Structure formats: C-alpha cells, structure tokens
Amino acid sequence: MNELAIAGGEPAVPEHDPDLFHWPIVTAEDEQAVLEVLRAGTMSGTDITKRFEREFAAWLGIAHALAYPNGTESLRAAYWACGVRAGDEVICPSMTYWASAAQAVTLGATVHFCDIDPDTLCIDPSDVEHRISDRTRAIMVVHYAGYPCNMEAIGAIAERHGISVIEDVSHAHGSRFRGRLCGTFGRAAGMSMMSGKSFPIGEGGMLVTSDRDVYERAVAYGHYERTGASSRFNVIDNQVTNPELARYRGLPLGAYKHRMNQTCSAMGRVQLRYYENRIAEIQRAMNRFWDSLSGVPGIRAHRPAADSGTTMGGWYYPQGLFRSDELEGLSLEGFCEAVRAEGVTPCYPGGNSPLHLHEFFHSADIFGMGKPTVLAFGQRDVRQGQGSLPVSEGIDRIAFSVPWFKRDDAAAIERYVEAFRKVCAQAGELVRRERRRT
C-alpha cells in the first residue's frame, strides 16, 4: 500500500478534473432561450413561466406547479396554503437547511423538531407521532441529500391524525420512492432550483400539488397577477375561483411578490428536456463509485438498496456513512483530513447543523412582541436543548460529504475510489497519528 499523502506520500488524485464535476450544463440552447427573454424585455412576464410550470407538472405527473423566485418562498407558501397559522405547530427534522423550518415561524407557528434516521439521514418516522398535538398542522419531510424519506410510514401517520404532509424536494429532483417521484406524495411540495442544485435554472423554486385548493391559496398568497385583477391596460387571467380568496383580487394575501424571473423559467424549460438523461449519468457515476467501495471497512454508501425501486435522483450533496469502530476508533475528522490530503474534495464531516439548537428557534422575537415568536401565540413550549436529538447532534461523527460526480468516467472515478481505500486500509496509522497529536 502506498504511503498516505498526509504522511508525505503521493496523493491518489494528483490533479483535480473539472470535467468530472462541472455543473450546470449550459448549452447554446439554454443561452438562446435566455437571450430571447432579454431581447423581448419580458423578464417580469409570466407567459414562459406558465409554460415551464405546465411542463414541470407533466413531468412529475401532478396537477399543478407554481414557480417562485427561490425555493425558500415556495416552502413558505406551501406552509400557508396548507393552513399553517399563528399558534400552530409543525414537525420537521432538525438536520436540514433552515428554510425547511424557519418559514413556519414567520407565520407565527412553532416547530417541533424530530430526529433523523442514522442510515437515511431523513426524518425518522418512529420519532414523529409522539410529537403530534391538537395544534399540529403539518409534517415537513426533507428528502435529504437526494435520499427519499419513507413516505409510506409518514403518510400513514399523517392520515391517522388528519394533518398535511409537505415535502421539501430541494435535494431530490428526480428521486423516487418505490418508483414514484418525490414531490408527489404530500399535500404540497416545495423545492429550490438554484444553480448549484441538481435541477439548476439560475435561481428559482417550485411548488407542486394535486390539491386545487392548495394551489389557489398559493396563488392568492403571492401571485397577485394571477388572481383576475384588472389593470389599466388589460385583465389578467384568473386562476382563483375560491370566493374566500377572490375577495382579495389584485393584492397578495401574504404581501409577497412570488413571480419568477423569466430568464430562469426559460432556462428551466431547456434543462427539463435533458434532465432525466443527465441524472441517469450522475446515477451511473455515483453508483460506480460506491459499488467499487463495497466491502471497504469503515464506510457505507448513503443510498437505497438497488432492488428497492427507490433512487437518488440527481444525488445532490452526496454523503457517506462512517463507522469508526471498524477503523480502530479513527475520528471522522481525521478520516476526512486524510482523504482530502489524497486530493479528494469535498470530504468533510457532517451535514447541516441541527436546527433545534439554534437561537432562532429559541429566542428570536420576529414580531417584536416581547417574547420568542415560537411561543408568542400561545403555543406549548416544544423547544429542545443539547442531548434531545442524539442522531442529529452526532451528524459530524456519522456522515461525511463525498465527490458529486457528473460524468461516468471509470478511470477518473477509480482514482477517487483508491483514495478512500487507501485511507481506510491505513486507519491504524492515522489513529496513531491522532494520538501523537494529543
């Protein structure tokens, strides 16, 4: 075995290969679509966005899609459209990006955080039901790092209690749970489409739903142009038929402007045409990487079983699972440091920081009411401190980031595989190195 690079040996990956990782793929077709919008001066229009919405909904096989300037706003609208109001509670995994949960607080609700499953890194269904109260309105599920949540288990819990399921699909465009696309299980789903995501359109988001009432409420909340309001020049199309909502035509009930820039929707239409083929190559590359590491002690693939019908879509933010006890007690931090020395980036411990420990969800007084907003409207106190969600709090000991391959280049991927094999095989030397440091 070659000497570890961290100890002075030659790195397994001597040079970074940008072609393996370049993303997004922007072609002349994307450029032309964006230029047409710019030259027409219709960046703030909705005609192209509506075409994108129809095409996106058809791809998912769902009734309605509604575009947003970012994924964060699509999640806020999903919460509101599903009936989350001041004084309510929602359940959300603690290990996720802040937008999955913070948007509920801006509506005056509180978030009862739950733990994650240590193998899927998604919401743990066994930690959900005991958190439900008569004020619980929704369960937010996050298909973390592209791994689909157990929607069968979550759906059964929600049905028993008559509450909504909202999906955050920001990591999981094209992921499937038992053959069915993520985003089609809940009452609503929201997702980011920023340039770094597996479905990249520059900047944007999408809300999808099969519930017409949820769709109309989302339109009324932030898409005032679609409520049938008249202007000096024309009558804009009416997508709101609910009389309760129609009273407010012309102004958004949320006082937000949720219109997507049409340069992004134009790019989105082009990206959608090629997305399935592009993520198929990503899946081949990522599965090649993990197949080649099968049986290597200390690390496990963060992916569903091959015969499960559950797939990882575009593998956004791919992770590995760490087993220190198989590597003589090597720390994950030491493991990642050695892998990075071999020329592999990224490789860092952990995922998102647990939200239940952040002061925002403990003391932030958003509305200036003299008390934390999570308690401002008579909610019970569901704040949790250190030690309450052990898997989420221990994420920097059990999970690590791995390269996100966009090209299935066997020879190039093998160099990265060799870096991980090399470090795992010499874990004992790394443990001794750690002991010398201390």
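Each value in this text was obtained by applying a stated rule to the coordinates, not by laboratory testing. Not measured: the values here are computed from a predicted model. Every residue, glycine among them, receives a Cβ derived from its backbone with ideal geometry; neighbour counts consider all protein chains shown.
Okay, here's what the table says:
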| quantity | calculated |
| --- | --- |
| Positive-pole candidate from Ala99, Gly45, Trp23, dipole of segment 1-104, charges at beta carbon | Gly45 |
| Folded to 0 to 90 degrees: helix 262-292 orientation relative to the chain principal axis, Cα | 30 degrees |
| Gaussian network model of the chain, springs between alpha carbon atoms under 10 Å - residue of Ala86, Ala104, Ala77 with greatest fluctuation | Ala86 |
| Listed peptides 163-169, 28-34 by packing density, highest first (mean Cβ within 10 Å) | 163-169, 28-34 |
| Sorted peptide list for 411-419, 16-24, criterion being average Cβ within 10 angstrom, highest first | 411-419, 16-24 |
| Residue-count net charge about Phe377 - beta-carbon cut-off 14 Å; Lys, Arg +1, Asp, Glu -1 | +1 |
| Amide H partners (placed H, <5 Å) of Val142, local residues excluded | Ile123, Asp168 |
| Rounded to the nearest 20 debye, dipole of segment 123-187 from Cβ charges on Lys, Arg, Asp, Glu | 180 debye |
| In Hz, Karplus ³J(HN,Hα) per residue of segment 39-48 (6.51, -1.76, 1.60; θ = phi - 60°; x = Gly, Pro) | 5, 7, x, 10, 4, 9, x, 9, 5, 6 |
| Two-site FRET efficiency, Thr27 against Ala411, from Cβ-Cβ distance with R₀ of 22 Å, rounded to 0.05 | 0.30 |
| Distance (nanometres) between label positions extended 7 Å along Cα→Cβ at Asp307 and Ser126 | 2.4 nm |
| Total formal charge among the other residues, if their Cβ is under 11 angstrom from that of Arg273, Lys/Arg +1 and Asp/Glu -1 | -2 |
| Residue order, fewest to most beta carbons within 10 Å, for Ser401, Ser100, Ser210 | Ser210, Ser401, Ser100 |
| Amide H partners (placed H, <5 Å) of Thr227, local residues excluded | Gln239, Gly250 |
